[in-house]
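The structure appears right after this line, and notes come after that.
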Amino acid sequence: MEGGVFESFFLIFCGAAVVASVALYTRQPLLVAYIAVGAILGPFGLEIIKDVHYVAEMSHIGIIFLLFLLGLDMQPSALLNVLKKATSIALISSAIFGALGYGFGVIIGFSHMESLVLAMASMFSSTIIGIKLLPTTVLHHKHSGDLMVGLLLFQDFIAILCLLVLLSGGGDTVEPMKLIKAIAALPLLAAGAFLFVRFVLLKLIQKFDRFHEYIFLLAIGWCLGLAHLSESVNLSAEIGAFIAGISLATSPISQYIALNLRPLRDFFLVLFFFALGAQLNIPLLPSVLLPALIFAAVVLAAKPTVFFLLLKQQSEKTSLAWDLGFRLGQISEFSILIVFVAATNNLIGEQASLLIQTTAILTFIVSSYIVIFNFPNPIAVSDKLRRD
């Protein structure tokens with residue numbers, strides 16, 4: 001990073017603190033402030049921080065910790081029950097949004113492959129936005145929280161399959177063994193994690209639970225270790241982190257671990273949103289702004305409506321169906337990763353890449369505004385809606 005790690009961190013967090021203060025005074029979401037700081041200080045803004053590659057790499061750890069904490073607060077039996085209900089909704093909604101993205105790409109003149117990548121990028125909702133803006137009491141103790149986690153996890157698995165397709169040649173020369181390996185690895189990884197926790201990790205925790213520093217270190221090592229193992233078998237680090245968390249969920253110390261890791265998670269999530277803003281190519285933005293605005297509007301209207309209709313078919317209450325629909329009404333951070341993989345493999349052009357990134361950021365921002373000003377969430381500017 002230009003100017004060194006310390007200087008970059010100083011600029012990122014001091015800048016975020018200043019802009020966040022302004023955002024709170026003007027009743028704006030903090031997530032928007034972090035993205036704005038990235039756009040201002042990044043290589044396409046004032047060029048104060050010219051290389052954000054390492055920041056983007058480190059920010060991924062925030063998503064990993066986010067999934068680990070989710071797992072810590074969810075019992076395995078509850079996950080199995082909610083996945084049964086979420087599977088059909090995730091499959092049908094992903095197919096609808098994929099068709100929507102592909103059709104839009106064809107209409108604006110994208111190639112078949114660029115339209116296919118746009119379809120993949122449109123299929124999923126943001127884990128970070130969905131989970132960060134859900135009150136903790138809802139997330140961990142209510143049916144709506146379990147249902148959202150189930151939907152996001154199933155979407156993550158579909159996203160992994162899409163990434164494997166892109167990595168294996170872009171859809172024309174798919175390597176079936178990679179897909180088979182990923183599908184087979186999931187239950188094996190989960191079974192291995194639960195056995196390791198039962199016969200090794202819990203015994204270590206019971207023996208040394210009075211050494212808080214050791215428990216903290218052990219939890220981070222277990223989370224990142226299983227995340228890395230997951231990546232090595234063609235799954236994602238996020239899925240590995242979630243399995244690491246849920247395998248520890250039955251332990252009496254799980255809540256202690258969760259409480260101590262939350263500040264670390266938030267530290268890396270600030271970096272994630274900063275990197276998101278910093279990687280936006282502002283000089284080229286006018287060339288894709290109109291189609292990005294149109295597609296963002298389509299996504300923001302279609303996603304809540306589709307989720308509402310699918311949830312109502314599952315006999316969910318109208319209020320819950322709209323609530324989850326709007327919370328899932330944006331494009332995912334996986335969209336950025338899909339764009340990166342596709343661009344690296346020369347499957348899409350720079351305009352297609354920028355359009356998807358711009359659409360993702362627009363839906364992040366507008367969706368955050370909708371949730372923060374209309375639904376209970378931990379960072380609401382209104383006391384009436386603020387729920388921790």
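Coordinate-derived values only; no laboratory data. Worth saying up front: this structure is predicted, and the values here are computed from it rather than measured. Neighbour counts are summed over all protein chains in view; Cβ atoms, including those assigned to glycine, are modelled from backbone coordinates with ideal geometry.
Relative to one another, the C-alpha centroids of region 285-324 and region 203-240 are positioned 36 Å apart. Taking Ser368, Ser122, Ser88 in turn, the Gaussian network model of the chain (Cα-Cα springs below 10 Å) assigns the largest fluctuation to Ser88.
Could you tell me what % of all Cα pairs in region 289-344 have separations over 16 Å? So the pairs more than 16 Å apart make up 54 percent of the total in region 289-344.
Of Leu229, Leu235, how do they rank once you tally other Cβ atoms within 10 Å and put the fewest first? Before the final figure, lay out each step's value.
Values: Leu229 18, Leu235 23.
Final ranking by Cβ density, sparse to dense: Leu229, Leu235.
The charge dipole of region 27-137, taken about the Cα centre with unit charges on the Cβ atoms of Lys, Arg (+1) and Asp, Glu (-1), comes to about 400 debye, rounded to the nearest 20.
Between Leu217 and Asn346, the modelled labels are 4.8 nm apart [label points 7 Å from Cα along Cα→Cβ]. Of all lysines in the structure, the ones whose alpha carbon falls short of 28 Å from that of Lys181, not counting any fewer than 8 places away in one chain, are Lys84, Lys85. Restriction of the trypsin sites (Lys or Arg not before Pro) in region 308-384 to DSSP coil positions whose beta-carbon has at most 16 other beta-carbons within 10 angstrom yields Lys317, Lys384.
A simple spin-label model places pseudo-atoms 7 Å from Cα toward Cβ; at Asp266 and Phe13 they are separated by 1.3 nm.
Evaluate the charge dipole of the chain about its Cα centre and quote only its size in Debye, nearest 20, assuming +1 on the Cβ of each Lys and Arg and -1 on the Cβ of each Asp and Glu.
Values: 21 positive and 22 negative charges, 249 e Å.
Using Cβ point charges on Lys, Arg, Asp and Glu, the chain gives about 1200 debye.
What is the sum of charges around Leu70, taking Lys and Arg as +1, Asp and Glu as -1, for the other residues whose C-beta is under 12 Å from the C-beta of Leu70? Mind showing how you got there, number by number?
Numbers: positive: Lys132, Arg262, Arg265; negative: Asp73, Asp146, Asp156, Glu238.
Once positives and negatives cancel, what remains is -1.
Cβ-Cβ distance of Phe208 and Arg386, R₀ of 41 Å, FRET efficiency by 1/(1 + (r/R0)^6): the value works out to about 0.60.
Report, please, the projected area of region 213-292 averaged over directions, based on the convex hull of its C-alpha atoms, in nm².
Details: hull surface 31.0 nm².
Projected area, direction-averaged: 7.8 nm².
Within region 22-119, all pairs of alpha-carbon atoms sorted by distance into 10 Å bins from zero give the percentages 12, 18, 29, 33, 8, 0.
Can you compute the charge dipole magnitude of region 198-267 about its Cα centre, using +1 on each Lys and Arg Cβ and -1 on each Asp and Glu Cβ, nothing else charged? Give it in debye, rounded to the nearest 20.
Values: 6 positive and 5 negative charges, 59 e Å.
Taking the Cα centre of region 198-267 as origin, the dipole is about 280 debye.
A Gaussian network model of the chain, with springs between Cα atoms under 10 Å, assigns the largest mean-square fluctuation among Val18, Val339, Val117 to Val18. Hydrodynamic estimate: the Kirkwood radius of region 249-388 over Cα pairs, inserted into Stokes-Einstein at 25 °C and 0.890 mPa s, corresponds to D of 141 µm²/s.
With n ≥ 4 as the cut-off for DSSP H runs, can you work out [θ] at 222 nm for the chain, using -39500 (n - 2.57) per run divided by the number of residues, rounded to the nearest 500? Mind dumping the intermediate values first?
On the way: 17 runs with 295 residues, N = 388.
Per the formula, -25500 deg cm²/dmol.
Taking 7 Å steps out from each Cα toward its Cβ at Ile48 and Val5 produces label points 2.1 nm apart.
Cβ under 14 Å from Ser126's Cβ, Ser126 left aside: what net charge do those residues give with Lys, Arg +1 and Asp, Glu -1?
Details: positive: Lys132, Lys303, Arg327; negative: Asp156, Glu238, Glu333.
Neighbour charge sum, excluding Ser126 itself: 0.
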